[in-house]
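Presented below is the structure to which this report refers.
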Amino acid sequence: MVSNDVTAAPCQALLLTAKARVIAPLVVVRRGPEDFLLLTEPGLGEVVRANLLRSRFAAKVEIEPEEHRSVIVFGEGQGIPNGDYGEPAFEVLDDSIEPTLSDEELERLRIEAGSAAWGKEIDDRVLPAEAGLTERAVSFTKGCYPGQEPIARLQHRGKVNRRLRVLQVDSASSGEEITYDGKTVGRVTSAIPGRALAYVRTEVPEDAELDVSGRTARLAG
């Protein structure tokens, strides 16, 4: 049902529609021979559960909701590996560790690393390859799953029309259009002072001078 090979857990994975649109991003943790924990974004737990229940056949499988508190710890240590912030980090569940970085500081690290986030860069309009998710959340050797055919076809025989890119720009806001030579070539999805994440057409030259509502922007990553 999920896009990655769970024998490699802990790993990232995606729950997809048949057309490879993202229903929910997941982190799969194996707690025992027949016990898997599927971590997803707040508010998506019931969506994941409902989709899995609809696909349950004769196998004796129990799917139950759980709630956990998650903390990101930077550096080396024990936990679930997390590559969203551009430096070594891991996720710890249900620990008494108190955060030392603000949400704004974490958001800056995420944007500078070019990592997609649910509700910002990832929704049901986005293909995994556009958001850079196939490298971290898709296996091209595992068995069938919903959305596998269009993902494989795009990987081996096609190309995406846009990709998630980091922009260097003084200021921007989510949803703003990006233009080049008078044509709309993308949109901003997340922004902090000096940097933004945006979907940009792949034909835009790497050294292009872009326009975001009258402000100059350049591709930074």
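A compact table of results
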quantity: Cβ-Cβ under 8 Å pairs, at least 6 apart or on other chains, the stretch 150-162 side under 16 Å from Val126 (Cβ atoms), far side surrounded by 10 or more Cβ atoms within 10 Å (Cβ to Cβ) and basic (Lys, Arg); calculated: Pro150/Lys19; Asn161/Arg201; Arg162/Arg201
quantity: Strands (runs of 3 or more DSSP E) contained entirely in the stretch 164-221, each with at least 2 residues that are open to solvent by less than 10 Å² (accessible area, probe 1.4 Å) and among the polar types (S, T, N, Q); calculated: 183-192
quantity: Filtered residues of the stretch 85-105 (kept if surrounded by 10 or more Cβ atoms within 10 Å (Cβ to Cβ), closer than 24 Å to Glu67 by Cβ and small (Gly, Ala, Ser)); calculated: Ala89
quantity: Failed condition for Ala24, given (1) open to solvent by 60 Å² or more (accessible area, probe 1.4 Å); (2) hydrophobic (A, V, I, L, M, F, W, C); (3) over 28 Å from Gly194 (Cβ atoms); (4) at pLDDT 95 or above; calculated: (1)
quantity: Evaluation of Gly75 against (1) on the phi > 0 side of the Ramachandran plot; (2) surrounded by 10 or more Cβ atoms within 10 Å (Cβ to Cβ) (one fails), failing number; calculated: (2)
quantity: Residue in the stretch 139-153 that is in contact with an Asp or Glu (Cβ under 9 Å, 6 or more places away or on another chain), more than 19 Å from Val22 (Cβ to Cβ) and modelled with pLDDT of 95 or more present; calculated: no
quantity: Some residue of the stretch 117-135 being assigned to a loop (DSSP other than H, G, I, E, B), among the small types (Gly, Ala, Ser), open to solvent by 50 Å² or more (accessible area, probe 1.4 Å) and within 22 Å of Tyr85 (Cβ to Cβ); calculated: yes
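The values are calculated or read from the model by the stated rules, or taken from the named source; none is laboratory data. Bear in mind that the values here come from a model prediction, so they are computed numbers and not experimental data. When we count neighbours, we look across all protein chains shown, and the Cβ atoms used for this are built from the backbone with ideal geometry, even at glycine. Accessible surface areas use protein heavy atoms only, side chains included; no ligands, DNA or RNA. Shrake-Rupley method; radii C 1.70, N 1.55, O 1.52, S 1.80 Å.
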